[in-house]
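Presented below is the structure to which this report refers.
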Amino acid sequence: MDERAEIVKKLIIESGLNQKAFAQKVELPYTTLRSILQRGIGNASVDNVTKLCKGLGITTDDLERMALGENIEADQSPIHLPELNAKDEKDLKKELQKMIDGLSGKNGYAAFDGQTLEDMEEEDKELLIASLENSLRLAKRLAKQKFTPNKYRE
């Protein structure tokens, strides 16, 4: 079982809300929350994990440290990455599609573990695509933070 999912379950209980009410609070479908808690945080999108952590008053880094058994102090100031705008999302989708196309077909220029997407089982394919999307999203947010001048930051 995913230790991070167990921590999220515990924190939701400590918040005094049931899972359905918490899902509404963080604007996540209840079925998505249930799926994340059952399948594990590693299978969730970065945006959904961020919503969960924000609703619990912690950062994703805090969640990782808690999973490693570290104590988290309430007064730590979290580092917030900038959100992606519509153009960023469009660029991200285009880049993701380019990567998926490269892994598709027998003439694909790339393969994952020696397999193209067509050779993979459906679940493995979905997990790979979700992982690629999460990686692209995080890289874009980090780049946005790094290259946005201080005067334009919130």
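Looking only at the stretch 116-130, filter to residues that are exposed (fewer than 14 other Cβ atoms within 10 Å of the Cβ) and in a helix (DSSP H, G or I); which one of those is modelled with the lowest pLDDT?
Result: E118.
Could you figure out which of (1) out of contact with any Lys or Arg (no Cβ under 7 Å at 6 or more places or on another chain); (2) modelled with pLDDT of 85 or more; (3) assigned to a loop (DSSP other than H, G, I, E, B) isn't true of L28?
Of the numbered conditions (1) out of contact with any Lys or Arg (no Cβ under 7 Å at 6 or more places or on another chain); (2) modelled with pLDDT of 85 or more; (3) assigned to a loop (DSSP other than H, G, I, E, B), the odd one out for L28 is (1).
Identify all residues within the stretch 56-115 that are in a loop (DSSP other than H, G, I, E, B), surrounded by 11 or more Cβ atoms within 10 Å (Cβ to Cβ) and at pLDDT 80 or above; write none if there are none.
G57, I58, T59, E83, L84
So which residues in the stretch 1-55 are of a type in the set (S, T, N, Q) and buried (at least 17 other Cβ atoms within 10 Å of the Cβ), if there are any at all?
Listed by number, the residues that qualify are N43, N48, T50.
The values are calculated or read from the model by the stated rules, or taken from the named source; none is laboratory data. Model, not experiment: these values are computed from the prediction. Backbone-built Cβ (ideal geometry, glycine too); neighbour counts: all protein chains shown.
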